[in-house]
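To start, the structure itself, in structure tokens.
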Amino acid sequence: MFLPGGTRLADPDAWAPAFEDDVQLVTATRVYSNSSVLAPAGEIARRAREAGVFSLLDVAQAAGTVPVRLNEWAPDFAVGTSLKYLCGGPGAAFLWVRGDTAAQCAPMDVGWFSHEDPFEMDIRHFEYAKGAARYTGGTPSIAPAAGAMAGFDIIAAHGIDAIYAHNQALLSRLFDGLPDGAVQSATTEGARGSGVLIKVRDYDAAAADLSEAGVIHDTRQGAVRLSVHLYNDENDIDALLAALAPHLED
């Protein structure tokens, strides 16, 4: 079952079909990449628990830029990656599992770290480790893990609340400088992530000017797609607005 996308996903009641009797797992994304809409993660997890439905929260577009309060929201599972706003490289991901769920579920994809006794070395016997350790898998790839930790150190040094406030202030400056209707992603402060989709008359022409100005971006739905983070400042927003100005609808 797929729910219709868009701004309605911010409404907890829009998720009602996800808790019907024939649903076993509901998957929600904290911040949707193509709309920057924030899903009501805590309420989704709460309603899922009440309905006896497992909940999985994707925080890939949120971790490192929007506060993520997993202990408070208590989904069954949360997944993410060191890419995006955590400033790590490819090849590293993370899984968070609620304590009671960790003991209740048995992952099918396991490695020797998932074993209660990793050094038993008996191929005919496998016993799950207790708690979250059973989800660990095998030996991690060292280079991706090192890059992920370096990125995490940068985020932790600044603090997620400070990063969130900084990014939201930059977005507000950007939106103030754009004409009405130019943004086709979420615009309301407190209900948006750090990404934005901006409508332009001709994407290819806009992309050329943005590249000339040193603005790294991509596209979705024919719009310019970009985001802000702790390494951006007001000068970057002003340069972006100047490069976009000839390409915006009047």
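Just so you know, all these numbers are worked out from the coordinates, no wet-lab data involved. Here the structure is a predicted model, which means the values were calculated and not measured. Every residue, glycine among them, receives a Cβ derived from its backbone with ideal geometry; neighbour counts consider all protein chains shown.
Laid out as a table, the results:
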item: Within the range 124-143, backbone nitrogen closer than 19 Å to the virtual label 7 Å beyond the Cα of TRP112 toward Cβ; result: 124-130, 133-143
item: Among PRO107, PRO17, PRO90, residue whose mean-square fluctuation peaks in a GNM of the chain (springs only between Cα atoms under 10 Å); result: PRO107
item: Longest site-free stretch - the chain; sites: GluC sites (Glu not before Pro), DSSP loop, at most 14 other Cβ within 10 Å; result: 21-115
item: Residue of TYR85, TYR164, TYR128 that the Gaussian network model of the chain assigns the largest fluctuation, springs spanning Cα pairs under 10 Å; result: TYR128
item: 3J(HN,Hα) from dihedral phi, the range 225-231, Karplus parametrisation 6.51/-1.76/1.60, rounded to Hz, x for glycine, proline; result: 10, 7, 8, 10, 8, 4, 8
item: Backbone HN-Hα couplings from phi across the range 197-202 [Karplus 6.51/-1.76/1.60, Hz, Gly and Pro as x]; result: 10, 10, 6, 10, 5, 9
item: Helix-only [θ]222 nm of the chain, DSSP H runs n ≥ 4, -39500 (n - 2.57) each, per residue, nearest 500; result: -9000 deg cm²/dmol
